Amino acid sequence: MTVVDERKAPVAVALDAPDLETAARWAQSVSPHVSVLKVGLALFCRYGPEVVEVVRGGSGAGLFLDLKLHDIPATVAGAARSVARLRPDFLTVHAAGGAAMVRAAVEELPRARVAGVTVLTSLGSDDLAAVGLDGPPADAVRRLAVLAVKAGARALVCSPHEVAAVRAEVGSDVTLITAGVRPTGLASNDQMRVATPEAALAAGADLLVIGRPITGASDPGSAAAMLAARLAPLTDLRR
């Protein structure tokens, strides 16, 4: 499924910056090369809606509001209603919150793509067993993906390992967003189920979430440009 601006790399840069000024600088430097800018929970909690204006600026990049809402349906509906004025292209909710909760967010954001987060990429089989979810992560991901899409979610978040299986379950009209994407040779940090950008796209991902490999570079703009150039042959084939 087409991401926000198909002329740019299908990458959402995670702007997990320590302050507003750094987030704005990163956004300005990477936005000519990537299609989406991602504002996460820590930055949004620290600065509130102001961060969206500062980050978005005049870049024309899509906005990924990664708040991972997870509460009773009425509370999630209220939160989604509150951020609707920010015009996000994507808003994340935890699919594990249930169909009614996902649907509540969808109803409040008809112009955005509510993205159901399936299983966090920091979790492995032992972690899932500890919280009562037996079986490999792929099984839980597929179940949660189907639940979220049936409730109206137009996007899903999973690891690159599950993209092909999720695509087979939900079809081609749902945007698949992969976290846990790391270029070859870089540390996986706190991510467990990871793959390279090329492997994630080849598996069928529509949008790659990448943070530290870009923002941790001495020149984030150049890092984003180099990644976009590497991915161009793959993205051209899919148009």
Seminar exercise, completed: Being small (Gly, Ala, Ser), at pLDDT below 95, buried (at least 24 other Cβ atoms within 10 Å of the Cβ) and touching a helix residue (DSSP H, G or I) at 6+ places or on another chain (Cβ under 9 Å) narrows 179, 153 down to just 179
Exercise. Buried (at least 20 other Cβ atoms within 10 Å of the Cβ) and either closer than 22 Å to residue 120 by Cβ or over 17 Å from the mean Cα position of the chain (by Cα) (or both): does that describe residue 80?
Worked result: yes
Exercise. In the set 94, 70, which member is in contact with a Gly (Cβ under 7 Å, 6 or more places away or on another chain) and free of Cβ contacts under 8 Å to residues at least 40 places away in the same chain?
Worked result: 70
Problem set entry | Filter pass, residue 61 being touching a Ser or Thr at 6+ places or on another chain (Cβ under 6 Å) and farther than 17 Å from residue 120 by Cβ | yes
Exercise. What is the one condition in (1) surrounded by 15 or more Cβ atoms within 10 Å (Cβ to Cβ); (2) modelled with pLDDT of 95 or more that residue 219 does not satisfy?
Worked result: (1)
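For every residue, the table says whether it meets (1) assigned to a loop (DSSP other than H, G, I, E, B); (2) modelled with pLDDT of 95 or more.
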position: 162; (1), (2): no, no
position: 172; (1), (2): yes, no
position: 185; (1), (2): yes, no
position: 190; (1), (2): yes, no
position: 208; (1), (2): no, yes
position: 213; (1), (2): no, no
position: 233; (1), (2): no, no
Exercise. Tally time: how many residues in segment 28-49 are surrounded by fewer than 24 Cβ atoms within 10 Å (Cβ to Cβ) and over 16 Å from the mean Cα position of the chain (by Cα)?
Worked result: 9
Exercise. Hey, residue 15 hits all of (1) within 15 Å of residue 211 (Cβ to Cβ); (2) over 18 Å from the mean Cα position of the chain (by Cα); (3) surrounded by 23 or more Cβ atoms within 10 Å (Cβ to Cβ) but one; which does it fall short on?
Worked result: (2)
Exercise. In segment 103-139, which residues are surrounded by 14 or more Cβ atoms within 10 Å (Cβ to Cβ), over 19 Å from the mean Cα position of the chain (by Cα) and hydrophobic (A, V, I, L, M, F, W, C)?
Worked result: 104, 128, 133
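The values are calculated or read from the model by the stated rules, or taken from the named source; none is laboratory data. In this text the structure is predicted, and so the values were computed from the model without any measurement. Backbone-built Cβ (ideal geometry, glycine too); neighbour counts: all protein chains shown.
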